[in-house]
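Everything below concerns the one structure shown next.
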Amino acid sequence: MLIRSFQLIILALIFSACSETGLYEKVHFLKGNAWSSNQQPEFVFEVKDTVSRYQVYFLIRHGDAYEFNNVWIRLNSKLPGDSVERKDRFDIPLANQNKWLGSGMDDIFDHRVLLYREPVKFSKTGQYTISIGHDMRVEPLDHVYNVGLRIEKVN
């Protein structure tokens, strides 16, 4: 009985420690473990809070055989009710001279890279659409398994 009570307390602590990861997080799995320039995954999310600020992260998972130490991406974003897209381009470092910068297990590496130095404030409520494409000279980018977007509320 005492052991059972202890197990319930541990479970309660574990579940109470879990919290919302942020506003939005989604990954897009790439067919054939290669990212073609015509694959521009689209991420659609709803914003209700225009007061808070958010951190925007690019997510990428690749194999150790990925041949570059970076990836150039194009981020196209469309605000609610707008027909014009904002276009940003980023050079995402994935490795230094010694090793991959992300966390890895065996030969697979995950990166979560902050895109904007300052937190973003969404100016309108409604549905936002962001698409991400690569802007590298090689076609396709082999050994890229998935890419994603994470938007996290700043406390």
Would you check which residues across the stretch 21-67 are open to solvent by less than 70 Å² (accessible area, probe 1.4 Å) and of a type in the set (S, T, N, Q) and list them?
36, 37, 39, 50, 52, 55
If residue 101 meets every condition in (1) aliphatic (A, V, I, L, M); (2) touching a residue at least 40 places away in the same chain (Cβ under 8 Å); (3) closer than 24 Å to residue 24 by Cα apart from one, which number is that one?
(2)
Please enumerate the residues belonging to the stretch 39-98 that are within 14 Å of the chain's Cα centre (by Cα) and among the aromatic types (Phe, Trp, Tyr).
43, 45, 54, 57, 58, 90
Single match in 118, 152 (criterion: over 22 Å from residue 36 (Cα atoms) and touching a Gly at 6+ places or on another chain (Cβ under 7 Å))
152
Pair list, Cβ < 7 Å and 6+ apart or interchain, from the stretch 109-125 residues that are at pLDDT 95 or above to residues that are surrounded by 15 or more Cβ atoms within 10 Å (Cβ to Cβ) and among the small types (Gly, Ala, Ser):
109/102; 110/102; 111/102
Please go through the stretch 101-124 and give me each residue that is more than 13 Å from the chain's Cα centre (by Cα) and open to solvent by less than 40 Å² (accessible area, probe 1.4 Å), ordered by number.
109, 119, 120, 122
Residue 127 passes all but one of the listed conditions (1) farther than 26 Å from residue 31 by Cα; (2) open to solvent by less than 30 Å² (accessible area, probe 1.4 Å); (3) over 14 Å from the mean Cα position of the chain (by Cα); the exception is number (2)
Scanning the stretch 68-88 for residues that are open to solvent by 90 Å² or more (accessible area, probe 1.4 Å) and assigned to a strand (DSSP E or B), the one farthest from residue 126 (Cα to Cα) turns out to be 87
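Give me a count of the residues in the stretch 89-99 that are of a type outside the set (Lys, Arg) and open to solvent by 40 Å² or more (accessible area, probe 1.4 Å).
The qualifying residues number 5.
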Residue under question is residue 86, and the condition is that it be within 17 Å of residue 40 (Cα to Cα) and at pLDDT below 95; does it hold?
yes
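The values are calculated or read from the model by the stated rules, or taken from the named source; none is laboratory data. The structure presented is a predicted model; accordingly, all values stated were derived computationally and were not measured. Every residue, glycine among them, receives a Cβ derived from its backbone with ideal geometry; neighbour counts consider all protein chains shown. All accessible areas refer to the heavy atoms of the entire protein, side chains included, with ligands and DNA or RNA removed. Shrake-Rupley method; radii C 1.70, N 1.55, O 1.52, S 1.80 Å.
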